[in-house]
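Peer 1: First, the structure itself, so that you have it in front of you.
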Amino acid sequence: MRRDVFQAIADPTRRAIITLIALQAMTPNAIAEHFNTTRQAVSKHLRILTECELVKQKQKGREIYYQLEINKMKEIDQWLEQFKKIWEQRFNQLDNLLLTIKKQEK
């Protein structure tokens, strides 16, 4: 079953995993140490993140390291950008309204 990136980031544990590996690649065991859950549960989350191409595996000797796939994160950012523009426009309108109200009070 193919999942999309938004399914992957919907889960708080997966978002926490993304945050953990954003700065450095980590092994599944190192990731699991940060959670009060089983290693198997963390592996399931990593599998979903890998399926969605948000993380990739890199073999170093006998260890597998998971690292963030920046290009896939850009896909999320691009989708959110449309909403950022709307929010910024509405905040600017609110700022203008507040300025108008302050001027009228003087």
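None of the figures in this text is laboratory data; all of them are computed from the coordinates on show. The model shown is predicted, which means the values in this text are computed figures rather than measured ones. Cβ coordinates were reconstructed from backbone atoms using ideal geometry, including for glycine residues, and neighbour counts include every protein chain displayed.
Peer 1: Of the candidates 85, 74, 56, which one comes out as most mobile in a Gaussian network treatment of the chain with C-alpha springs shorter than 10 Å?
Peer 2: Highest fluctuation among the options: 85.
Peer 1: Magnitude of the Cβ-charge dipole of the chain, K/R +1 and D/E -1, about the Cα centre, nearest 20 debye?
Peer 2: Numbers: 19 positive and 13 negative charges, 14 e Å.
Its charge dipole is roughly 60 debye.
Peer 1: Given the chain, what count of lysine pairs have C-alpha atoms under 30 Å apart, with each pair 8 or more places apart or on different chains?
Peer 2: 20
Peer 1: For the chain, what relative contact order do you get, as a whole percent, if you take Cα pairs closer than 8 Å and at least 6 residues apart? Before the final figure, lay out each step's value.
Peer 2: Details: 83 pairs, mean separation 27.5, N = 106.
The normalised contact order for the chain reaches 26 percent.
Peer 1: Let me ask you something else. Amide H neighbours of residue 55 under 5 Å, counting only residues 5+ apart in sequence or on other chains, H built in-plane at 1.01 Å?
Peer 2: 50, 69
Peer 1: Would you compute, from DSSP H runs of 4+ residues alone, the mean residue ellipticity of the chain at 222 nm, taking -39500 (n - 2.57) per run and dividing by the full residue count, rounded to the nearest 500? Each step should come with its number before you reach the end.
Peer 2: Details: 5 runs with 69 residues, N = 106.
Dividing the helical sum by the residues of the chain leaves -21000 deg cm²/dmol.
Peer 1: Taking only Cα atoms and a 10 Å spring cutoff, compute GNM fluctuations for the chain and point out the largest among 23, 46, 94.
Peer 2: Residue with maximal mean-square fluctuation among 23, 46, 94: 94.
Peer 1: Still on this structure, please answer the following. For helix 39-51, report the angle its Cα long axis makes with the longest principal axis of the Cα atoms of the chain; keep it between 0 and 90° and round to the nearest 10°.
Peer 2: Relative to the chain, helix 39-51 is tipped by roughly 70 degrees.
Peer 1: OK, next. Taking the Cα-to-Cβ direction at residue 51 and at residue 79 and moving 7 Å from each Cα, how far apart do the two end points lie in nm?
Peer 2: It is 1.6 nm.
Peer 1: Still on this structure, I have one more. If you line up the long axis of helix 70-105 against the longest principal axis of the chain, both from Cα atoms, how many degrees apart are they, to the nearest 10?
Peer 2: Roughly 20 degrees, rounded to the nearest 10.
Peer 1: Over the alpha-carbon set of region 52-103, divide Rg by the Kirkwood Rh and report the Rg/Rh ratio to two decimals. Mind dumping the intermediate values first?
Peer 2: Numbers: Rg = 20.9 Å, Rh = 14.4 Å.
On the Cα set of region 52-103, Rg over Rh gives 1.45.
Peer 1: So what's the angle, to the nearest 10 degrees on a 0 to 90 scale, between helix 12-21 and the longest Cα principal axis of the chain?
Peer 2: Taking the Cα atoms of the chain, the angle to 12-21 is about 80 degrees.
Peer 1: Which part of region 61-77 falls in the paramagnetic zone of residue 88, meaning amide N under 19 Å from the point 7 Å along Cα-to-beta-carbon?
Peer 2: Backbone N within reach: 74-77.
Peer 1: Another question, then. Would you please give the FRET efficiency between residue 9 and residue 98, computed as 1/(1 + (r/R0)^6) with r the Cβ-Cβ distance and R0 = 35 Å, to the nearest 0.05? Before the final figure, lay out each step's value.
Peer 2: Numbers: r = 34 Å, r/R0 = 0.97.
Efficiency, rounded to the nearest 0.05: 0.55.
Peer 1: Considering the chain as a Gaussian network with a 10 Å cut-off on Cα pairs, which listed residue, 36, 71, 96, attains the greatest mean-square fluctuation?
Peer 2: Result: 96 has the largest fluctuation of those listed.
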